[in-house]
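Novice: Take this structure first; my questions come after.
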Amino acid sequence: MNYRIVATPQLGRIVIPAPVPHGFALYYTTLDFSGKIDAPNADAIVEVAREHFTVEATLTTCSQVHGFAARRGTPGDAWRECDTCDALWSTERKTALGIKIADCLPVTLVDPSHRVIANIHSGWRGAVQKITALTIDSLWNETRFDATTSYAYLGPSIRVCCFEVGEEVVEQFQLAFPDADRYVDRSRGAKPHLDLAALTASLLRARGIADDRLIDTGLCTRCDGSIFHSFRRDPKRGGRNLAVVAQ
Ligand SMILES: [Zn+2]
């Protein structure tokens with residue numbers, strides 16, 4: 001297993017993937033935390049980074065609009081939220097970047113050699129708009145990011161086991177990706193199932209991420225017994241899982 005579950009006083013159970021390079025923090029919150037962010041919760045979130053990874057940071061989050069914009073997160077004195085983007089990146093220490101998810105796929109990049117971190121909210125809409133590839137392009141343009149020295153993480157999200165979609169969604173993927181059919185499973189029921197994690201992993205490999213640095217937790221948010229919020233399972237609960245990366 002390439003993750004462990006750890007109990008914290010601040011956020012309840014969190015999931016820590018492995019490996020996380022020294023000097024960086026990365027974890028996912030669970031059903032034990034609502035995902036609601038305000039100033040006290042933002043403090044609790046960065047306390048966990050300090051206690052479990054000895055990384056001291058201030059949190060930046062984004063409100064997320066299922067778009068493709070990536071913005072730079074910078075260190076500051078207090079939690080802040082970008083209201084127009086779905087991906088955050090930073091080259092500076094003392095920066096924590098938080099993404100909210102409840103079935104969408106969190107994609108996290110860590111380049112320890114060049115001190116670059118990025119956190120991407122990639123649901124199917126973001127994936128069709130190529131948010132992960134566009135964020136990597138921004139990193140290439142604006143930082144010293146090198147995919148060959150980087151780790152990429154695929155966090156808890158709705159997986160092919162549970163991700164039923166309509167034909168109209170399949171069509172959008174077919175328009176966006178020539179090999180989209182490889183990631184559509186028609187053997188699991190009446191409706192097609194989409195393997196967004198596998199599609200994203202293939203894209204990350206194509207951009208230069210090495211196989212042994214591509215860490216897919218394989219965790220499904222929607223499956224019975226999942227310890228994560230799932231919009232499809234509990235639409236009324238309104239909770240969100242957080243993916244938090246910091247340096
Ligand atoms: Zn599932």
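No lab work stands behind these numbers, since they all come straight from the coordinates. The structure displayed is predicted, hence computed values, not measured ones. So basically every Cβ, Gly included, is an ideal-geometry build from the backbone, and we count neighbours across all protein chains shown.
This table checks each residue for (1) more than 22 Å from ALA243 (Cα to Cα); (2) assigned to a loop (DSSP other than H, G, I, E, B); (3) within 16 Å of the ligand (Cβ to nearest atom).
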| site | (1), (2), (3) |
| --- | --- |
| LEU109 | no, no, no |
| ARG125 | no, no, no |
| ASN141 | yes, no, no |
| GLU168 | yes, no, no |
| GLN172 | yes, no, no |
| ALA190 | yes, yes, no |
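Novice: Same structure again: I'm told VAL65 meets every condition in (1) surrounded by fewer than 21 Cβ atoms within 10 Å (Cβ to Cβ); (2) not in a loop (DSSP other than H, G, I, E, B) except one. Can you identify the failing condition by its number?
Specialist: (2)
Novice: Next question, about the same structure. ARG237 fails exactly one of the following numbered conditions: (1) more than 20 Å from GLN172 (Cα to Cα); (2) within 16 Å of the ligand (Cβ to nearest atom). What is the number of that condition?
Specialist: With respect to (1) more than 20 Å from GLN172 (Cα to Cα); (2) within 16 Å of the ligand (Cβ to nearest atom), ARG237 is out only on (2).
Novice: Then there's this: Let me confirm something: among ASP103, ASP83, which residue is in contact with a Ser or Thr (Cβ under 6 Å, 6 or more places away or on another chain), closer than 29 Å to LEU194 by Cβ and surrounded by fewer than 18 Cβ atoms within 10 Å (Cβ to Cβ)? Let's see the steps before the verdict.
Specialist: Working: ASP103 fails: surrounded by fewer than 18 Cβ atoms within 10 Å (Cβ to Cβ).
It is ASP83.
Novice: Of a type in the set (A, V, I, L, M, F, W, C) and in contact with a helix residue (DSSP H, G or I) (Cβ under 8 Å, 6 or more places away or on another chain), is that true of ALA206?
Specialist: On the way: of a type in the set (A, V, I, L, M, F, W, C): yes; in contact with a helix residue (DSSP H, G or I) (Cβ under 8 Å, 6 or more places away or on another chain): no.
Here the answer is no, as ALA206 does not meet what is asked.
Novice: Right, something else. Would you check if ASP224 is within 16 Å of the ligand (Cβ to nearest atom) and out of contact with any strand residue (DSSP E or B) (no Cβ under 7 Å at 6 or more places or on another chain)? Spell out how you get there, then give the answer.
Specialist: On the way: within 16 Å of the ligand (Cβ to nearest atom): yes; out of contact with any strand residue (DSSP E or B) (no Cβ under 7 Å at 6 or more places or on another chain): yes.
In short, yes.
Novice: Spot the failing condition for LEU199; the list is (1) outside any loop (DSSP other than H, G, I, E, B); (2) farther than 21 Å from ALA102 by Cβ, and only one is missed.
Specialist: Going through the list (1) outside any loop (DSSP other than H, G, I, E, B); (2) farther than 21 Å from ALA102 by Cβ, LEU199 breaks only (2).
Novice: Further, regarding this structure: Among the candidates ILE120, ILE158, which residue alone is surrounded by 15 or more Cβ atoms within 10 Å (Cβ to Cβ), under 18 Å from HIS66 (Cβ atoms) and within 16 Å of the ligand (Cβ to nearest atom)?
Specialist: Values: ILE120 fails: within 16 Å of the ligand (Cβ to nearest atom).
One residue alone meets the criteria, ILE158.
Novice: Report, ordered by the first and then the second residue, all pairs with beta carbons closer than 7 Å, sequence separation of six or more or different chains, a first member in segment 233-247 that is more than 17 Å from GLY12 (Cβ to Cβ), and a second member that is charged (D, E, K, R).
Specialist: ARG233/ARG222; GLN247/ARG93; GLN247/ARG115
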